[in-house]
């Protein structure tokens, strides 16, 4: 998206009758206010997926069924027993637009959606029943009142936490530790006692199992909430939301790539050799998807890192060596090491 596109005024609101998904251009869609989108959960694939998770709650004897609504992100508002899911999941055009501009649409597949919703349902139930004040909660998960860290530096091999969402998310905060443990406990067919045998996380799972049995016959202290940041209240355009996401995810990349690039590529141009910059751009989709998957880092961050590699390679006038397979493997290894180091320490690599 160009600065010119991002700075355009929002499109005039269209009535549902005027909104033609087959004819509206991407540019028009980007400059449409989110509150003007004619979208809803009923009739979409996610409607059935929501019902599926609610049936899982009922199968566990939990009769409380949190409201799920379209908002700007995945979350359960603090203190409210409701769940927001991203608005783009309500239409295929919006999913594709999200992927094209911020490189991923979190929750687009059924498997990913169910995982995320089970996690958020855990938060919603905690809010409904005030679980943080239940006996044993703080002992197993810690102080819910503590601040979220500015940077997440997980211990990948720790067995004190379950592994549900990518990025060792249970380790970010006591509330996320509980929600991730709940999600594992709720997942149908998952033999969590066997899966986590010998882990410290098993004590947390057993506690959640006991806690859910304790509350299932109780009435919740709070049944509903105001549905914070629901789409009808979001007056910014899709383009503006994408701009905000990119700014939040973008990193100040280091300017010490030169030595690494010269170890991967060569400075000797030959007729048979490709420019390193083009080589990196050609392989960028594969590098981004693979490295993001295995490091847990955002696709947008990896995309910018590969792009910076390509730009610097062009300035250094580097070329791909004769063994292109080795060059690609080495590039992937270098980028993965940088992304992993950043994920764990907040820096792409140690300064020499």
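The values are calculated or read from the model by the stated rules, or taken from the named source; none is laboratory data. A quick note: this is a predicted structure, and the numbers were derived from the prediction, not measured. Using ideal geometry, Cβ is built from the backbone for each residue, glycine included, and neighbour counts are taken over all protein chains shown.
Listing for the model above:
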{"quantity": "Matching option when the condition is touching a residue at least 24 places away in the same chain (Cβ under 8 Å), buried (at least 17 other Cβ atoms within 10 Å of the Cβ) and within 19 Å of residue 219 (Cα to Cα), among 119, 123", "calculated": "123"}
{"quantity": "So residue 258, is it more than 29 Å from the chain's Cα centre (by Cα) and closer than 30 Å to residue 83 by Cβ", "calculated": "no"}
{"quantity": "Residue in region 262-281 that is over 30 Å from residue 156 (Cβ atoms), part of a loop (DSSP other than H, G, I, E, B) and without any contact (Cβ under 8 Å) to a residue 40 or more places away in the chain present", "calculated": "yes"}
{"quantity": "Residue list for region 293-327, restricted to those being part of a helix (DSSP H, G or I), touching a residue at least 12 places away in the same chain (Cβ under 8 Å) and over 27 Å from residue 154 (Cα atoms)", "calculated": "310, 311, 312, 313, 314, 316, 324, 327"}
{"quantity": "Residue list for region 175-194, restricted to those being surrounded by fewer than 19 Cβ atoms within 10 Å (Cβ to Cβ) and in contact with a helix residue (DSSP H, G or I) (Cβ under 8 Å, 6 or more places away or on another chain)", "calculated": "187, 188, 190, 193"}
{"quantity": "Filter result for residue 227 (in contact (Cβ under 8 Å) with a residue 24 or more places away in the chain, closer than 21 Å to residue 79 by Cα and surrounded by 12 or more Cβ atoms within 10 Å (Cβ to Cβ))", "calculated": "yes"}
{"quantity": "Any hit, region 64-76, residues being assigned to a helix (DSSP H, G or I), touching a residue at least 40 places away in the same chain (Cβ under 8 Å) and within 21 Å of the chain's Cα centre (by Cα)", "calculated": "no"}
{"quantity": "Only listed residue being part of a helix (DSSP H, G or I), over 18 Å from the mean Cα position of the chain (by Cα) and more than 27 Å from residue 29 (Cα to Cα), chosen from 93, 159, 138", "calculated": "138"}
{"quantity": "Unique match (being outside the structural domain of residue 100 (by TED's automatic domain parsing), under 27 Å from residue 167 (Cβ atoms), modelled with pLDDT of 85 or more and buried (at least 17 other Cβ atoms within 10 Å of the Cβ)) among 337, 310, 277, 333", "calculated": "310"}
{"quantity": "Residue check for residue 83: crowded, with 21+ Cβ neighbours inside 10 Å, touching a residue at least 40 places away in the same chain (Cβ under 8 Å), touching a helix residue (DSSP H, G or I) at 6+ places or on another chain (Cβ under 8 Å) and part of a helix (DSSP H, G or I)", "calculated": "no"}
